[in-house]
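Just below is one structure, and these are the notes that go with it.
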Amino acid sequence: MEESNTLDDSPRYVVGLMSGTSADGIEAVVVEISGGGQLKARLVAHRSRPFARELRRRVLQACLHGTVAEICELNFLLGEHFARAALAVIRDAGLKPGRIFVIGSHGQTVHHLPRARYASTLQIGEPAVIAERTGITTVADFRVRDMAAGGQGAPLVPYADWALYTDPDRPRVLQNIGGIGNLTFLPANASLEQVMAFDTGPGNMVIDAVVTHLSDGRSAYDRNGAWATKGRVSEKLLKSMMAHPFLRRRPPKTTGREEFGEVFVLKVLGQARRLRLQDADVVATVTAFTAATIAQACERFVWPKLTAADRARTQMVVGGGGAKNRTLMRMLAERVAPAMLLTQEDLGWSSTAKEAVAFAIMAYETMRGRPSNVPSATGARRAVVLGKIVPGGAAIEEKI
């Protein structure tokens, strides 16, 4: 797709939609984006749309054990949910659908196999349904083009991180803690070629699964880290978890439920029983595991690139649902000191909106015919234009 020379740099409203590996719901945003090259973006509206418990159960079941028929139906069902989320956040922004330039929808990952014989990934949440219900051109299925170009299809947010968060004077680490944790390292005044990014390991995924199991399904996550703060970390269990082979791999690398999902969690719970740990101790330990994987990633791959003075000036900016877990944030702050720990809110953004904003930016760039993967992060052979475009009620040319 060639960039249209009729598309100027004036501000445009873009919707971003995201459901992460935790499958707890949809984050929807309206972002005003302008500029070419170094973009400018402003968050106009943000809405969280939680999944009902039964829908979340169906999605998580489909990730590892879903039949073709179940995934086929879920693809269209989730498309309806994404469309409703888009229309709701557009209303929140005080806009009509006709004012929206494009929707960028990540969809819901059900399987991600970057190390398979044929590297592959599958996100569902049918974009044709979104485009039909909203009348808005929709870009989706972002990961597959990067994988076709030899990349791992993740992480994809580093492009938006670089565009929005590069600081002229200090290094920054953008740490997202969703279902999976992923890190973007931005040296001071970084060029896109200097960006380093990779998955650090599980974010909330293992914590949520352990809490769900220990509470017999009454709780899906540890609100504010309240359960973890009552327990003591088992160093023996933590050491065993830190031996996972993913943590020893060098970037570029990506992971998912296939490595840190049900099988891993059941193994952890079995070890906890043999160690006779209290439930609060188990939650505290898996929370410490997430903090330790992030800190270890920094120790191995980020801090060696910095002088001691630059490390002390580094800001680690945390986004994703994990930023609301006070116990996790305290553990992380202790492990990454002297780097300063911040949240997206400290920079005027939203921790839970960050990835949705990123996919809004990627959709905007796709409509301009510009690449938005970062080959140094994904391992792709080259930069490529991401996503598949589904026209809305008007032809793409009319939208431009």
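The values are calculated or read from the model by the stated rules, or taken from the named source; none is laboratory data. This structure is a prediction, so every number in the text was calculated from the model and none was measured. Virtual Cβ from ideal backbone geometry, glycine too; neighbours counted across all protein chains shown. Side chains included, ligands, DNA and RNA excluded: accessible areas come from the protein's heavy atoms. Shrake-Rupley method; radii C 1.70, N 1.55, O 1.52, S 1.80 Å.
Name the trypsin sites (Lys or Arg not before Pro) in the range 132-236 that are in a loop by DSSP and that have at most 13 other C-beta atoms within 10 Å, would you?
Working: sites: Arg133, Arg143, Arg145, Arg172, Arg218, Arg223, Lys230, Arg232, Lys236; in loops: Arg218, Arg232.
Those satisfying the criteria are Arg218, Arg232.
Residue farthest toward the positive end of the dipole of the range 293-394, with Cβ of Lys/Arg at +1 and Asp/Glu at -1: which of Ala360, Asn373, Met340?
My answer, from the dipole projection, is Asn373.
Enumerate the amide H contacts of Gly25 below 5 Å, restricted to partners 5 or more residues apart or on another chain; note that Pro and chain-start residues carry no placed amide H.
Under 5 Å from the amide H of Gly25: Gly20, Phe51.
Taking the Cβ of Pro171 as the centre, find all other residues whose Cβ is under 14 Å away and add up their charges (Lys, Arg: +1; Asp, Glu: -1).
Net local charge, Pro171 excluded: +1.
What do you get for chymotrypsin sites (Phe, Trp or Tyr not before Pro) in the range 101-200 restricted to DSSP loop and a cutoff of at most 12 other Cβ within 10 Å of the site's Cβ?
Within the range 101-200, the qualifying chymotrypsin sites (Phe, Trp or Tyr not before Pro) (loop, at most 12 other Cβ atoms within 10 Å) are Tyr118.
Starting at the first residue of the range 111-125, write each ³J(HN,Hα) from the Karplus equation 6.51 cos²θ - 1.76 cosθ + 1.60 with θ = phi - 60°, in whole Hz, x for Gly and Pro.
Values, residue by residue: 7, 9, 10, x, 10, 6, 4, 10, 3, 7, 8, 9, 10, 10, x Hz.
Solvent-accessible area per residue for the chain at a 1.4 Å probe radius, Å²?
42 Å²
Once fully extended, how much extra length lies between Arg382 and Asn189, figured as 0.36 nm per residue of separation less the alpha-carbon to alpha-carbon distance?
67.2 nm
In whole Hz and in residue order, list the ³J(HN,Hα) couplings for the range 248-253 that follow from phi through the Karplus curve 6.51 cos²θ - 1.76 cosθ + 1.60, θ = phi - 60°; x for Gly and Pro.
8, 5, 8, x, x, 7
Which helices of the chain meet both criteria: a Cα extent of 27 Å or more along the helical axis and a mean Kyte-Doolittle score no lower than -0.5, with helices taken as whole DSSP H segments?
TM-like helix candidates: 68-92, 279-297.
Can you work out the base-10 log of I(q)/I(0) for the range 244-283 at q = 0.21, 0.22, 0.35 1/Å, using the Debye formula on its C-alpha atoms alone?
So the normalised log intensities work out to -0.75, -0.78, -1.11.
Give me the distance in nm between label points sitting 7 Å out from Cα along the Cα-to-Cβ direction at Ala337 and Gln38, one decimal.
Taking the simple label geometry, Ala337 and Gln38 are separated by 3.4 nm.
Can you run phi through the Karplus equation (6.51, -1.76, 1.60; θ = phi - 60°) for the range 184-191 and list ³J(HN,Hα) in whole Hz, with x for Gly and Pro?
For the range 184-191, the Karplus-derived couplings read 10, 9, 10, x, 4, 6, 5, 7 Hz, x marking Gly and Pro.
If you average 1/r over all unlike Cα pairs in the range 268-400 and invert the result, what Kirkwood radius do you get in angstrom?
Numbers: mean 1/r = 0.0543 Å⁻¹.
It is 18.4 Å.
On the accessible surface of the range 57-184, probed at 1.4 Å, how many percent belong to carbon and sulfur atoms?
Carbon and sulfur atoms account for 51 percent of the accessible area of the range 57-184.
Find the Rg to Rh ratio for the range 21-142, where Rh is the Kirkwood radius over alpha-carbon pairs and Rg uses the same atoms. Walk me through the intermediate numbers first.
Values: Rg = 15.5 Å, Rh = 15.5 Å.
Here Rg/Rh amounts to 1.00.
Once amide H atoms are built 1.01 Å from N in the peptide plane, which residues 5 or more positions from Val317, or in another chain, come under 5 Å H to H?
Answer set, sorted by chain and number: Val173, Leu174, Gln175, Leu342.
Most fluctuating residue of Leu186, Leu78, Leu122 in a GNM of the chain with Cα springs under 10 Å: which is it?
Result: Leu122 has the largest fluctuation of those listed.
Would you mind checking which residues have amide H under 5 Å from Ala45's amide H? H placed 1.01 Å from N; only 5 or more apart, or other chain.
So Ala45 has HN proximity to Val30.
Roughly speaking, to the nearest percent, how much of the range 264-400's 1.4 Å accessible area is carbon and sulfur? Working shown, then result.
Working: 2730 of 5400 Å².
Carbon plus sulfur share of accessible area: 51 percent.
Only Cα pairs within less than 10 Å get springs; with that Gaussian network setup on the chain, which residue of Ala149, Ala284, Ala353 has the largest fluctuation?
For the chain, modelled as a Gaussian network with Cα springs under 10 Å, the answer is Ala149.
As a check on your grasp of the helix formula, calculate [θ] at 222 nm for the chain: sum -39500 (n - 2.57) over DSSP H runs of n ≥ 4, divide by the residue count, round to the nearest 500.
Computed ellipticity for the chain at 222 nm equals -11000 deg cm²/dmol.
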